[in-house]
């Protein structure tokens, strides 16, 4: 092969590698995260309470985007509960990834639809994968 052809092929390969590197670097994929509920609470994928949520795959999230999941939280205890959601065990140390959720009161034997919204800040850099755990906690409602 001619030297000029080899240089063109090498430059093309380098350019393709650079483009793939940018594409692979610019997306954010999470491994699944665990969902832990306190004994009086259970988290389900559907209102009929058929499938317990034990992991969530948030999919690919681009900087500045959201990944949303709808889950159903059920109080199978004997008292009304203040329900809160907390994240912990993050695999990365960043404030650029945030899970938004609502707190609410859940009566005995009540199931409530709730939305978990994961946001990746548009200025995030250097992170391509992350994981974390979710704790769904219930504290007894006090008058």
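Can you tell me which residues in the stretch 91-110 are touching a residue at least 24 places away in the same chain (Cβ under 8 Å) and touching a strand residue (DSSP E or B) at 6+ places or on another chain (Cβ under 7 Å)?
91, 92, 96, 97, 99, 105, 106, 107, 108, 109, 110
Sort out for me the strands (runs of 3 or more DSSP E) sitting completely within the stretch 1-114 that have 2 or more residues that are over 17 Å from the mean Cα position of the chain (by Cα) and modelled with pLDDT of 55 or more.
Answer list for the stretch 1-114: 41-44, 66-75, 81-88, 104-106.
Looking only at the stretch 57-90, filter to residues that are under 15 Å from residue 130 (Cα atoms) and in contact (Cβ under 8 Å) with a residue 60 or more places away in the chain; which one of those is surrounded by the fewest Cβ atoms within 10 Å (Cβ to Cβ)?
Here the answer is 63.
The values are calculated or read from the model by the stated rules, or taken from the named source; none is laboratory data. The shown structure was predicted, so the numbers you read here are calculated from the model rather than taken from an experiment. Cβ coordinates were reconstructed from backbone atoms using ideal geometry, including for glycine residues, and neighbour counts include every protein chain displayed.
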